[in-house]
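Here the structure comes first, spelled out in structure tokens, and everything after it is commentary.
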Amino acid sequence: MLIRAYLRASTTEQDATRAKDQLREFAQVYGHRVAGYYVENESGATLKRPELFRLLADSEPGDVLLVEQVDRLARLNESDWAKLRAELQGKGVLVVALDLPTSHQAMSANRVAPDDFTGRMLAAINTMLLDMLAAVARKDYEDRRRRQAQGIEKAKADGAYRGRKTDEGLHKRIRTLLDEGKSIRVVAGLLGCSTNTVQRVRATL
């Protein structure tokens, strides 16, 4: 069993590695080390997350996908969450989230349940709670987006909306690396920004 930690933040302004020490310490409590950290700045509302799928591609059945909170993994709509869950189940990867205590049993080295019935019940409860938290995360995302849109509309009506300020320094560094022939993913990795940001800059070249 290998532990693979997934760390995600929605924007380049957020530190996706913020919870790295916490995940490492959690794994150590159960006598494990984290085999790899997969870090990206991508929206939790999309399945276009290359590092998450690289983690899944590297995983073997029985490996653990470790996250700080379920919303790091799933702010997806119902259809996309069903696709991701099917991918996880197909790979035999077990999700452990620090905010989902029932998932912590997967960190046990032997994972021996008192009996088959109890084990199946625990698995069913964990799946149900994972689905519930994913739904809550999606609702929270949609509520925040709605409040943000309402705030922008009010600011526009008041003549106070100016939009997000462009990071000209970052865009200049992106253009330089793209001119050197580096790929979008490599540029994003070097500069710690999202691939979407690099794609937007490339579209202006």
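Values computed for the structure shown
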quantity	calculated
Matching helices (runs of 4 or more DSSP H) fully within segment 1-98 where at least 3 residues are farther than 21 Å from Ala135 by Cβ	20-29, 50-58
Flag for Arg4 being within 25 Å of Arg185 (Cβ to Cβ) and either surrounded by fewer than 19 Cβ atoms within 10 Å (Cβ to Cβ) or touching a Pro at 6+ places or on another chain (Cβ under 9 Å) (or both)	no
Only listed residue being over 18 Å from Val96 (Cβ atoms) and either touching a Phe, Trp or Tyr at 6+ places or on another chain (Cβ under 8 Å) or without any contact (Cβ under 8 Å) to a residue 40 or more places away in the chain (or both), chosen from Ala57, Ala35	Ala57
Options Val39, Val64: the member that is within 16 Å of the chain's Cα centre (by Cα), modelled with pLDDT of 90 or more and over 27 Å from Val187 (Cα atoms)	Val64
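The values are calculated or read from the model by the stated rules, or taken from the named source; none is laboratory data. Note that the structure is predicted; figures quoted are calculated from it, not measured. Please note: Cβ atoms are built from the backbone with ideal geometry, for glycine as well, and neighbour counts cover all protein chains shown.
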